Amino acid sequence: MPLATDDFLDIDDVTPAELDALLDRAAAMKAGETDPRLGDATLGMIFEKPSTRTRVSFETGMTRLGGHAMFLGPDDIQLGHGEPLKDTARVLGRYVDGVMARLFDHEDVETLAEYADCPVINGLTDEAHPCQTLADLLTIRETVGEDATVAWVGDGNNVGQSFVVGAAMAGVDVSVATPADYGMDPDVFDRAAEFGADVEPTTDPEAAIDGADVVYTDVWISMGQEDLREEKLAAFDGFQLNADLLAGTDAKVMHCLPAHRGEEVTDDVLESDRALVWDQAENRMHAQNALLVELLGGE
């Protein structure tokens, strides 16, 4: 089904029905279904933050779909060198068929979407990571099932915020445990409630993971937060995914990567049969391919 939105800046830019259709298409494309509609299409990829998974998954995905992806780092374009972002957006919109941007400020990706005359995809901002949520939901669907219960344990960051809303849209039950001073924006729970979810965050990781089929975490010190390292390590004592916390459960473990092994998750947990992280990483490409076809391909 065609998407009603021209841009994909957060997970609830699509409807629950559109999200379900995207996941269906992603699963079909992963199983080998081909779609030739992106022949000759170009995706401009703006990176303020470096990334392994985002760059390689989008670039490889565009190639597999018959299109072309162009890496635009901080030293490759005028962004950050005096040109207003809206001017960069206007120019790119006349050159490329779509823009994927991995930025710090969420307002910047909104500006790109406002001024670029082409679809804009949020590849990550400090507030949201909707492409990761697509991959997460695809992973849960194919490994645990859509009636899964997932516990988010750790920092209430961009990945967690998009996931809570996306899980609500997909009918996945979520519990959330974060330290008191590092919770999610309350607006996240209001948005989830619009899709029928009643998420009551806690500061108790053991309570959050009780009965969970999957436990999901992410780094505690995100890019740009290095000066908060000591403060956050102290605040997150007890939130590490380790053998003790997971004892007595059969829960699978998710992490969007890269992981800081020995901080938010131990090496033995990440290397165990519990880990779904490599499926998540692979599914970034399949989920994004479905998104690219819908946003750039037309009917």
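What follows draws every value from the coordinates through simple rules; no lab data is involved. Only a predicted model underlies this, so the values are computations on that prediction, with no experimental measurement involved. Positions of Cβ are backbone-derived with ideal geometry, glycine not excepted, and every protein chain shown enters the neighbour counts.
Being among the acidic types (Asp, Glu) and surrounded by fewer than 16 Cβ atoms within 10 Å (Cβ to Cβ) is the filter here, so list the residues in region 257-281 that pass it.
Within region 257-281, the first condition is being among the acidic types (Asp, Glu), and the residues that meet it are 263-264, 267-268, 271, 273, 279.
Result: Asp267, Asp268, Glu271, Asp273.
If the condition is being hydrophobic (A, V, I, L, M, F, W, C) and under 9 Å from Val214 (Cα atoms), then region 143-161 contributes Val144, Ala148, Val150, Ala151, Trp152.
Among the residues of region 186-223, which ones are touching a Lys or Arg at 6+ places or on another chain (Cβ under 8 Å), in a loop (DSSP other than H, G, I, E, B) and of a type outside the set (D, E, K, R)? Reasoning before the result, please.
Kept after step one, since they are touching a Lys or Arg at 6+ places or on another chain (Cβ under 8 Å), are these residues of region 186-223: 213-215, 220-221, 223.
Of the ones still in play, those that are also in a loop (DSSP other than H, G, I, E, B) are 213, 220-221, 223.
Within region 186-223, Trp220, Ile221, Met223 qualify.
Looking across region 214-244 at every residue that is hydrophobic (A, V, I, L, M, F, W, C) and surrounded by fewer than 19 Cβ atoms within 10 Å (Cβ to Cβ), the one that is nearest to the chain's Cα centre (by Cα) is identified as Met223.
Got a sec? Which of Asp190, Asp213, Asp185, Asp204 is of a type in the set (Asp, Glu), under 20 Å from Pro130 (Cα atoms) and touching a residue at least 12 places away in the same chain (Cβ under 8 Å)?
Details: Asp190 fails: touching a residue at least 12 places away in the same chain (Cβ under 8 Å); Asp213 fails: under 20 Å from Pro130 (Cα atoms); Asp204 fails: under 20 Å from Pro130 (Cα atoms).
From the options Asp190, Asp213, Asp185, Asp204, the qualifying one is Asp185.
Just one of the listed residues (Asp126, Asp75) is farther than 30 Å from Ala197 by Cβ and among the acidic types (Asp, Glu), and it is Asp75. In region 174-204, of all residues being among the β-branched types (Val, Ile, Thr) and touching a Pro at 6+ places or on another chain (Cβ under 7 Å), the one that is surrounded by the most Cβ atoms within 10 Å (Cβ to Cβ) corresponds to Val176. Within region 109-142, being assigned to a helix (DSSP H, G or I) and charged (D, E, K, R) holds for Glu110, Glu114, Asp136, Arg141, Glu142. Which is hydrophobic (A, V, I, L, M, F, W, C) and within 30 Å of Glu146 (Cβ to Cβ), of Met70, Met45, Met62? After applying the criteria, what remains is Met62. When region 57-99 is limited to residues that are small (Gly, Ala, Ser) and assigned to a helix (DSSP H, G or I), the one that is surrounded by the fewest Cβ atoms within 10 Å (Cβ to Cβ) turns out to be Gly93. Pairs linking a residue in region 133-152 that is surrounded by fewer than 20 Cβ atoms within 10 Å (Cβ to Cβ) to a residue that is among the basic types (Lys, Arg), with Cβ atoms under 8 Å and 6 or more positions apart or on different chains, are Thr143/Lys252; Val144/Lys252.
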